[in-house]
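**Q** Please see the structure below; I have some questions.
The values are calculated or read from the model by the stated rules, or taken from the named source; none is laboratory data. Values in this document were obtained by computation on a predicted structure and should not be read as measured data. Cβ placement follows ideal geometry from the backbone for every residue including glycine, while neighbour counts extend to all protein chains displayed.
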Amino acid sequence: MDAHTLTTAYEIIRQPLGEILPKVSAALAPLVPHVDAAELSTHCAHSPFKALGGTELLTASELAPLLTAGVPGSPWQGVAVIGGLEREVVAVTSHATVRGAVLVLVREDGSEPAGEAELAVAQALWDLVASHFDRFATEALPGALARSRAAADTRARVIAELTATHSAALSGVLGVLRSRALDDTTARATATDLAASALIEMRAAQRRDRALAEEPAQDAFERLAAELRPMLRHSQVRLDLGAPDSDRTLAADVAHSARAIVRSLLLIVLEQDSVHRIHVGWQLTEHELRVAVRDDGAGALAPCDLGAGTIKD
């Protein structure tokens, strides 16, 4: 293994967990050309399934069988169902974690199989990454463990609710189709109405959940602005606001935390006598919300009881 490969591996494991899959995909692209990538890391209760590219229709259940495909420690090449379609894939499974972790590279249809040397590098890199994942799981701080447990509990509850709703809808449709009291035309019409009603209710529930769990970035920033103005109502300090130039939505807890942090920072900044102007801005990137709080003061900041020290993870 040359110095470049080691450097690449080092750069990959230095990334935040959410950024590792894109880096792995980019590192392996010259060796195992692929158009999409996904991973299923069973050790992670918080976010075990991640996908890139055009794999938005891919589900974790499609990756699960690939955990046992081929020989352990040797990447498997073949055809698998990806996003509901049969695609040529390379599945790299690592047993560095208790229940294994699989990296799936979706290749162009009709592309040449990868060579043994290239697959060996892919296996070694994924083993390293999986070991890194496992260390995070086994040495996680109590706060991280609590968040993962909460995410796992929520996921289990949502799956149970969806399963019950789906089962009820299918049972109703099957009951109609099996009924001997209805002729074929009436049974089809009734079953269609039941299925359509179930789909409408499911989409309505999805919209309700999204309204509770997400908040448009512009609306979230307007709420922040409304909260900040009273703090400066009797002050000579000028407040400049830089609203996010995006129509995307934010997770409700992220928006709430960002507003709380800005309010607390503003209290600290206002403790300076030399401040005449404060700028507060939000910027959304593909994966981040960046919050900026700048002032024209002397930079003599000191924590206060109501300041940033009151913010907890």
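**Q** Taking PRO65 and the conditions (1) at pLDDT 80 or above; (2) of a type outside the set (Asp, Glu); (3) surrounded by 20 or more Cβ atoms within 10 Å (Cβ to Cβ); (4) out of contact with any Phe, Trp or Tyr (no Cβ under 9 Å at 6 or more places or on another chain), which numbered condition does it fall short on, given that it satisfies the others?
**A** (3)
**Q** Would you please list the contacts, defined by Cβ atoms under 8 Å and residues six or more apart or on different chains, that run from a residue in segment 104-127 that is under 18 Å from SER94 (Cα atoms) to a residue that is in a loop (DSSP other than H, G, I, E, B) and among the polar types (S, T, N, Q)?
**A** VAL106/THR55; LEU119/SER74; GLN123/SER74
**Q** Continuing with the same structure: Which members of segment 86-120 meet the condition of being surrounded by fewer than 17 Cβ atoms within 10 Å (Cβ to Cβ), among the hydrophobic types (A, V, I, L, M, F, W, C) and at pLDDT 85 or above?
**A** Those that are surrounded by fewer than 17 Cβ atoms within 10 Å (Cβ to Cβ), among the hydrophobic types (A, V, I, L, M, F, W, C) and at pLDDT 85 or above: ALA117, ALA120.
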